[in-house]
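Here's the structure, in structure tokens; my notes come after.
The values are calculated or read from the model by the stated rules, or taken from the named source; none is laboratory data. Since the model is a prediction, treat every value here as computed from it, not as a measurement. Cβ placement follows ideal geometry from the backbone for every residue including glycine, while neighbour counts extend to all protein chains displayed.
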């Protein structure tokens, strides 16, 4: 994994850890999902891939699997924003 990919994954983890303290409800959820999508596209791009064109199966690049795992974690963290009370 390159240093750029590692940096992108660290940003995703940091953003994901900040989501639960957000209290904006549906608006925060939408913004969070948009940030996750932008991050996964950047992660794929850093790996020389195009997001949405790699299918699961044998021969999937390890970078795509790492990007997908980070995207899943980020998206799951966004659910906390949706469930948080609206101030």
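Selection of segment 52-87 for residues being surrounded by fewer than 12 Cβ atoms within 10 Å (Cβ to Cβ) and over 19 Å from residue 13 (Cα atoms) yields 52, 53, 55, 56, 57, 58, 59, 83, 85, 86, 87. Counting only helices (runs of 4 or more DSSP H) that fall entirely inside segment 2-87 and contain at least 1 residues that are at pLDDT 85 or above, the qualifying elements are 26-46, 62-83. May I ask you to list the residues in segment 22-51 that are more than 25 Å from residue 3 (Cβ to Cβ) and surrounded by fewer than 16 Cβ atoms within 10 Å (Cβ to Cβ)? Passing the criteria: 23, 25, 26, 27, 30, 31, 34.
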